[in-house]
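These notes are about the structure you will find just below.
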Amino acid sequence: MKGRHVLMGGALVIAAGLVLFGDRQPAPDVAEAVERPASTSPAPARVAARTATPAQDAAIRRLIPREELIGATGDDAFGSAGGVFAGQSLNPPAAQQQEAAGPPPVPPAPTAPPLPFTVLGKGIADGAYEVYLARGDRTYVIHAGTVVDGMYRFDTIAPPTLTVTYLPLKQVQQLNIGVLD
């Protein structure tokens, strides 16, 4: 840290010396203003006012009416029919949306959710396969034909797969349990 402080102190001394003894003369190369020719194309009053030459700036110009600048004034300016705070919708009118869309698309058929079980292990007990599954903080010992929570029926256990039926939709799914060791 001490070396760092010495370097910063040295940089401070050099900077102070440049401020005190440096060149204080302004740069001799000053850019002058550029004269631009007036546009020959007809321009609206607002554009012409912005591109006026210095000679024209000295003259007093006619004021642009408020209605021309921002539209209606008074209560009409704030009404729902238009004005300053009128809302804009970029959506096409409802009739055009229905014509363009045609008949509504057919929703996809419902599918079973992914299996919420984690395989903990498998084994053979009394000559039949059994699989140990976990879901959340619960552990299940599964045999062929077991039903869990009235939602899943485990049909067949044939390593490396376990066949499961999701009962509400009667859809069959398979769970990889690995080969028997």
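The values are calculated or read from the model by the stated rules, or taken from the named source; none is laboratory data. Quick caveat, the model's predicted, so the values are computed rather than measured. Virtual Cβ from ideal backbone geometry, glycine too; neighbours counted across all protein chains shown.
Residues of the stretch 140-163 that are outside any strand (DSSP E or B) and surrounded by 16 or more Cβ atoms within 10 Å (Cβ to Cβ): A144, T146.
Condition first: in contact with a Pro (Cβ under 6 Å, 6 or more places away or on another chain) and of a type in the set (K, R). Can you find one or more residues in the stretch 148-171 that meet it? Scanning the stretch 148-171, I find no residue that is in contact with a Pro (Cβ under 6 Å, 6 or more places away or on another chain) and of a type in the set (K, R), so the answer is no.
Of the residues making up the stretch 116-139, those that are of a type in the set (A, V, I, L, M, F, W, C) and either touching a residue at least 60 places away in the same chain (Cβ under 8 Å) or in a strand (DSSP E or B) (or both) are V119, L120, I124, A125, A128, V131, L133, A134. Residues that are surrounded by fewer than 10 Cβ atoms within 10 Å (Cβ to Cβ), assigned to a loop (DSSP other than H, G, I, E, B) and modelled with pLDDT of 60 or more do not occur anywhere in the stretch 13-21. One residue alone among P107, P103, P28, P113 is surrounded by 10 or more Cβ atoms within 10 Å (Cβ to Cβ), at pLDDT 60 or above and either out of contact with any Ser or Thr (no Cβ under 9 Å at 6 or more places or on another chain) or not in a loop (DSSP other than H, G, I, E, B) (or both), and that residue is P113.
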